[in-house]
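The values are calculated or read from the model by the stated rules, or taken from the named source; none is laboratory data. In this text the structure is predicted, and so the values were computed from the model without any measurement. Quick reminder, even Gly has a Cβ in these numbers, built from the backbone with ideal geometry, and neighbours come from all protein chains shown.
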Amino acid sequence: MKKVKELIWPVIGLVAVVWSVRLLYFKLLLEVSNDPNVSDVVKGQLQTSGILDTLKIIAIEIGHKLAAIPTQGYVLAALSTLVAYAALAWYDRIALIHLHREKGISWLFVSLSSFTTYALSHNIGGSVFSGGLVRFRAYSSKGLSVAEIAVLVAITSFTFTFGTVLCGAFVLLGEPNVVEPLVKVPSWWIRLIGAGMLLFCGLYILGSWMQLKPLVIRNFKLEYPNLNIVVRQIFAAPLELMGAAGIIYFALPEAGNPGFFVVLGAFLLSFSAGLLFQVPGGIGVMENVFLAVMPTIAPISVFAALLVWRLFYLIIPLLLSIPVVLAFERSQFLKRRREAAENPAVETGA
């Protein structure tokens, strides 16, 4: 039964990816087939071609959309990426301040640790667990205990959750229509949910102001963040989410663009769904949510914008994180060798 339980979420994630990719394929195929700018020759090829040739034709059309994105759009998307990852580093710094362990740990170390953590976890999936392993290797080298690193992971995870709920509340209150393509409910119900989410954030802030007692489970102690920490979370979490959504917003065409608020709402819905189903990078899930929420933009244009997001937010950080990990492990290896040389008795067990 234990093995079955461990396989449930991976299987659900795999099914979500397969179903989403299949649905996305047919949506893109339908758009290319109905696009008046596509020649009749290409449309005829779509009707007689196999899957590989069809994918090639769709890829060419996506390439045209990527080429149509202005240079300014790419520059602003890159800047949005920097904002997002800077805010993610702030997550770690906030957790260290909460633990009173920020002294002696530089912003550069925190930034590199956070960057590597999220670059790997966003691509691998299971961010809490994969991110926890990376953080353990990094912060244990700075003297943090296992319990302290567990609290650090919990605080960073909650900061993201808090930001998602806070941003989601304002989106649902201001743009309740953003979820109507996904869930057919009255707009006042959507606003009511948004108000409830805002109330949750308010209660969290109130608990900090009242200085509630810490949660103690055996040897594990989680203290309620003080107002100094919560104020930082209020700014850091939305900043990261808006930065990540900004990559997509600046890569979308102006024609039919529903505005940043709707793009932010679509990002929150799709990214949260990807995390829920443990889908690496939200493959397929994000595309389908965005296509449903933004019907005023051509599907291939939406797909191209999400490709830019994957490039800036996932692929480039992943490539940059690999040498960071290798350099860190090399430094730790040389440190152990140096310590062993200085203390040969420890090495031989004398």
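Condition first: under 22 Å from Ala89 (Cα atoms) and not aliphatic (A, V, I, L, M). Now tell me which residues in region 240-273 satisfy that.
If the condition is that a residue be under 22 Å from Ala89 (Cα atoms) and not aliphatic (A, V, I, L, M), then Glu240, Gly243, Gly246, Phe267, Phe271, Ser272 are the ones that fit.
Within region 104-114, count every residue that is at pLDDT 90 or above and either in contact with a helix residue (DSSP H, G or I) (Cβ under 6 Å, 6 or more places away or on another chain) or outside any helix (DSSP H, G or I) (or both). Walk me through it before giving the result.
First, the residues of region 104-114 that are at pLDDT 90 or above: 105-114.
Cutting the leftovers down to either in contact with a helix residue (DSSP H, G or I) (Cβ under 6 Å, 6 or more places away or on another chain) or outside any helix (DSSP H, G or I) (or both) gives us 105-106, 110-114.
Looking only at that region, the number is 7.
Testing Arg135 on (1) over 26 Å from Tyr249 (Cα atoms); (2) crowded, with 20+ Cβ neighbours inside 10 Å; (3) at pLDDT 90 or above, one condition comes back false. Which one is that?
Answer for Arg135: the failing condition is (3).
Scan region 137-157 residue by residue and report those that are without any contact (Cβ under 8 Å) to a residue 24 or more places away in the chain and under 30 Å from Leu264 (Cβ atoms).
Residues satisfying the conditions do not exist here.
I'd like to check something: does region 270-291 contain any residue that is at negative phi, buried (at least 19 other Cβ atoms within 10 Å of the Cβ) and touching a Pro at 6+ places or on another chain (Cβ under 6 Å)?
Yes: one or more hits.
Is there a residue in region 164-183 that is among the polar types (S, T, N, Q), farther than 18 Å from Gly274 by Cα and assigned to a helix (DSSP H, G or I)? Full working, then the answer.
Initial filter on region 164-183 (among the polar types (S, T, N, Q)): 164, 177.
Next, from what is left, pick out any that are farther than 18 Å from Gly274 by Cα: 177.
The next check asks that each one be assigned to a helix (DSSP H, G or I); those that pass are 177.
Scanning region 164-183 turns up at least one residue that is among the polar types (S, T, N, Q), farther than 18 Å from Gly274 by Cα and assigned to a helix (DSSP H, G or I).
Of everything in region 131-150, what is assigned to a helix (DSSP H, G or I) and among the polar types (S, T, N, Q)? Give them in sequence order.
So in region 131-150, the residues assigned to a helix (DSSP H, G or I) come out as 131-140, 146-150.
Selection gives Ser140 alone.
How many of the residues in region 253-288 are assigned to a loop (DSSP other than H, G, I, E, B) and modelled with pLDDT under 75?
Of all residues in region 253-288, those assigned to a loop (DSSP other than H, G, I, E, B) come to 253-259, 277-279, 283-284.
From what's left, modelled with pLDDT under 75: 277-279, 283-284.
Final tally of qualifying residues: 5.
Given the structure, is Leu203 farther than 30 Å from Ala292 by Cβ and in a loop (DSSP other than H, G, I, E, B)? Outline the logic, then answer.
Working: farther than 30 Å from Ala292 by Cβ: yes; in a loop (DSSP other than H, G, I, E, B): no.
Considered against the rule, which asks whether it is farther than 30 Å from Ala292 by Cβ and in a loop (DSSP other than H, G, I, E, B), Leu203 comes out as no.
State the number of residues belonging to region 56-73 that are closer than 14 Å to Phe312 by Cβ and either surrounded by fewer than 16 Cβ atoms within 10 Å (Cβ to Cβ) or in contact with a strand residue (DSSP E or B) (Cβ under 6 Å, 6 or more places away or on another chain) (or both). Break it down stepwise before answering.
We begin by selecting, within region 56-73, every residue closer than 14 Å to Phe312 by Cβ; these are 66, 69, 73.
Checking which are either surrounded by fewer than 16 Cβ atoms within 10 Å (Cβ to Cβ) or in contact with a strand residue (DSSP E or B) (Cβ under 6 Å, 6 or more places away or on another chain) (or both) leaves us with none.
Number satisfying all stated conditions: 0.
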